[in-house]
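What follows is a short report on a single structure.
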Amino acid sequence: MEFKGNTHEYLRLERITSENCSIVKDKIESGLTMLWMTADDNRLKIDGKDYVFQNNEVICLTEFHHTEVQEVTSMRMVRFNRPFFCIIDHDSEVGCRGILFFGASQLPVFRIPETELEKFDILWKMFSIEMQSKDDLQIEMLQMMLKRLLILCTRLYKEQRQLAPLEKNNLELVREFNFLVESHFKTRHTVADYAELLHRSPKTLSNLFARVSPKTPLQIINERKMLEARRLLRYTDQAVSEIAFSIGYEDVQTFSRFFKTQEGLSPSAFREQI
């Protein structure tokens with residue numbers, strides 16, 4: 001089921017099986033995708049890494065994720081673009097920026113518990129019914145359904161990642177750091193860079209992430225750079241020097257040393273291995 005508005009708004013709801021699973025890897029400009037597993041053993045390769053997702057797990061993808069379908073049993077897909085609903089402009093309403101989407105290098109995955117499953121099932125049915133409406137209020141109703149879905153998912157993700165107990169200002173700091181890394185990782189490579197943008201000290205960021213994450217702020221920055229480097233080495237034919245420059249390194253030797261420290265082999269060897 002697809003909705004297409006007069007000003008390029010796009011929304012798609014689909015039940016995915018082995019017969020139509022090629023839809024998953026399709027891309028739309030500024031597209032965001034949520035995949036809700038409705039059976040066990042759904043196998044996807046995302047950015048070169050193999051995943052097996054089980055029943056009632058949900059993953060959130062952006063247009064920048066490279067997704068390859070290996071085996072699909074059953075899942076539900078919600079895909080929308082920025083003209084339909086911009087999560088940045090509506091962040092105060094849904095609060096999913098830097099958590100479900102644009103959360104630096106981490107793939108957002110969470111599980112719908114049995115106690116919450118009825119809410120999601122009812123919402124999916126209402127969503128499906130509204131997709132078939134043709135009146136002037138259809139887009140507003142669909143946006144309302146999507147906001148409800150994003151809010152429910154954000155709540156669960158925060159609970160399961162132990163972010164819910166954080167004070168509001170600390171949670172906002174984590175979200176904003178994640179989003180800023182996603183936005184500036186090509187030009188800003190140090191914790192001090194992001195501390196300056198957030199009007200905090202590097203020590204404040206380090207102390208906060210020590211409480212809520214197994215990774216330091218610098219690890220998050222480095223992992224985001226590495227994710228981009230691996231994507232470009234795997235999915236493009238750009239020279240290593242071009243990739244180094246695109247990620248903010250002025251010389252290929254510095255980039256190669258960084259890559260080898262993180263990956264254990266040089267960029268060229270990584271590409272040859274693939």
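The values are calculated or read from the model by the stated rules, or taken from the named source; none is laboratory data. Note that the structure is predicted; figures quoted are calculated from it, not measured. Ideal geometry is used to build each Cβ from the backbone, glycine not excepted, and the neighbour counts take in all protein chains shown.
Scan the stretch 31-39 and tell me whether some residue there is of a type outside the set (Val, Ile, Thr), in a loop (DSSP other than H, G, I, E, B) and surrounded by 15 or more Cβ atoms within 10 Å (Cβ to Cβ).
Yes, there is a match, as at least one residue in the stretch 31-39 is of a type outside the set (Val, Ile, Thr), in a loop (DSSP other than H, G, I, E, B) and surrounded by 15 or more Cβ atoms within 10 Å (Cβ to Cβ).
Looking at the stretch 14-43, which of the residues that are aliphatic (A, V, I, L, M) and without any contact (Cβ under 8 Å) to a residue 40 or more places away in the chain is nearest to VAL58 (Cα to Cα)?
MET37
Could you list, ordered by first residue, the pairs with Cβ atoms under 7 Å in which the first is in the stretch 200-215 and at pLDDT below 85 and the second is of a type outside the set (Asp, Glu), at least 6 apart or interchain?
VAL212/GLN162; VAL212/LEU163; VAL212/LEU166; VAL212/VAL174
Is it true that some residue in the stretch 211-223 is farther than 23 Å from PRO108 by Cα, crowded, with 18+ Cβ neighbours inside 10 Å and outside the structural domain of GLY98 (by TED's automatic domain parsing)?
No, the stretch 211-223 contains no residue that is farther than 23 Å from PRO108 by Cα, crowded, with 18+ Cβ neighbours inside 10 Å and outside the structural domain of GLY98 (by TED's automatic domain parsing).
Taking the condition of a type in the set (Val, Ile, Thr), more than 24 Å from GLY95 (Cβ to Cβ) and out of contact with any Pro (no Cβ under 9 Å at 6 or more places or on another chain), does THR204 pass?
Considered against the rule, which asks whether it is of a type in the set (Val, Ile, Thr), more than 24 Å from GLY95 (Cβ to Cβ) and out of contact with any Pro (no Cβ under 9 Å at 6 or more places or on another chain), THR204 comes out as no.
Keeping to the stretch 73-111, report how many residues are among the basic types (Lys, Arg) and part of a loop (DSSP other than H, G, I, E, B).
1
When the stretch 218-235 is examined, which residues are found to be closer than 23 Å to GLU272 by Cβ and among the aliphatic types (A, V, I, L, M)?
Matches in the stretch 218-235: MET226, LEU227, ALA229, LEU232, LEU233.
Would you pick out the residues in the stretch 234-274 that are among the polar types (S, T, N, Q), touching a residue at least 40 places away in the same chain (Cβ under 8 Å) and out of contact with any Leu (no Cβ under 9 Å at 6 or more places or on another chain)?
If the condition is that a residue be among the polar types (S, T, N, Q), touching a residue at least 40 places away in the same chain (Cβ under 8 Å) and out of contact with any Leu (no Cβ under 9 Å at 6 or more places or on another chain), then GLN262 is the only one that fits.
So how many residues does the stretch 226-259 have that are basic (Lys, Arg) and touching a Lys or Arg at 6+ places or on another chain (Cβ under 8 Å)?
The total comes to 1.
Among the residues in the stretch 10-21, are any touching a helix residue (DSSP H, G or I) at 6+ places or on another chain (Cβ under 6 Å) and either more than 22 Å from LEU146 (Cβ to Cβ) or outside the structural domain of MET131 (by TED's automatic domain parsing) (or both)?
no
Step by step: first the residues of the stretch 67-113, then only those that are of a type in the set (Asp, Glu) and farther than 19 Å from ASN42 by Cβ, then the one that is surrounded by the most Cβ atoms within 10 Å (Cβ to Cβ). Which residue is that?
Once the filter is applied, the top-ranked residue is ASP91.
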